[in-house]
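A.B. asks: Okay, handing you the structure first.
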Amino acid sequence: MTTKWLTPEQAIVKANLTVTSETLKSYISEQQGKTTAEEQFQALGLLFDRERLRAGKPNFLQLLEPVSDENSYAEDEIDSHELDDDDIETSATNKVNQLEPFIFEQCKVQIVITLLPTEQTGDRPVMIAASSHGDFPVVTMLNQEELGDLPPAIVQLLDELKADFPNRQIRRNIAQTKTVKTNKPTTQTPVRTETARSDTTKPASNTTQISLF
């Protein structure tokens, strides 16, 4: 079974939601009190990947409930030509995960800690997700203070990440500049036609003037 990333429009169809795609997109930009975008998507049975969104990928949602085995083969056949590199990698990973036993010490367990932006109250929400065997994760939300001190290895990684922020900013600026140049519409030089009046000794004639500015 392929774990497929979905656009908001695809997620609405797959999850049989009654909300619109604009409503889903508003979860990202409009925070309802202390409820985060992740929590709002989870309430609809969707997993929201903020990193995919920041990377500019349109398919940043995933169903929290796995697709039944009856439909998985048909969907894989239909959508196989639409798979991107991430989907192919996920599919291969899931095949390996299916061979692992459901014994905690003998299977791969993924734990993802996501530090969300600090709120106006000064609290920094933290989302922790744990998953195994390619299945959907279990998720909990808490504040950074409740999380406590991180292990030294993680602190060191975060320090390296923060030190690399200037380089990441430059790379993003370069990418955005290239995108603007690629999407910049071509402008046509406006053409203005004027009728020139002749003096009494010359017949009237029409002239075309091309305005360059």
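A.B. asks: Return the only residue of D76, D49, D84 being at pLDDT below 60 and touching a Phe, Trp or Tyr at 6+ places or on another chain (Cβ under 9 Å). Steps first, please.
C.D. replies: Working: D76 fails: touching a Phe, Trp or Tyr at 6+ places or on another chain (Cβ under 9 Å); D49 fails: at pLDDT below 60.
On inspection, the qualifying residue turns out to be D84.
A.B. asks: Here's a check for you: in the range 1-24, which residue that is touching a Pro at 6+ places or on another chain (Cβ under 8 Å) and closer than 15 Å to F41 by Cβ is modelled with the highest pLDDT?
C.D. replies: T7
A.B. asks: Determine which single condition T140 fails, assuming it passes every other condition in (1) over 30 Å from F102 (Cα atoms); (2) loosely packed, with under 12 Cβ neighbours inside 10 Å; (3) in contact (Cβ under 8 Å) with a residue 12 or more places away in the chain.
C.D. replies: Looking at each condition in turn, T140 falls short on (1).
A.B. asks: Still on this structure: Against the definition (surrounded by fewer than 15 Cβ atoms within 10 Å (Cβ to Cβ) and at pLDDT below 85), how does G56 come out, yes or no? Show your work before the answer.
C.D. replies: Numbers: surrounded by fewer than 15 Cβ atoms within 10 Å (Cβ to Cβ): yes; at pLDDT below 85: no.
No; evaluated as a whole, the condition is false for this residue.
A.B. asks: Within the range 113-137, track down each residue that is closer than 25 Å to I28 by Cβ, open to solvent by less than 60 Å² (accessible area, probe 1.4 Å) and of a type in the set (S, T, Y).
C.D. replies: Residues satisfying the conditions are T114, S131.
The values are calculated or read from the model by the stated rules, or taken from the named source; none is laboratory data. As the structure is a prediction and not an experimental result, all values here were calculated from the model. Here Cβ is always computed from backbone atoms with ideal geometry, including for glycine, and neighbour counts include all displayed protein chains. Heads up: the accessible areas ignore ligands, DNA and RNA and are worked out on the full protein's heavy atoms, side chains in. Shrake-Rupley method; radii C 1.70, N 1.55, O 1.52, S 1.80 Å.
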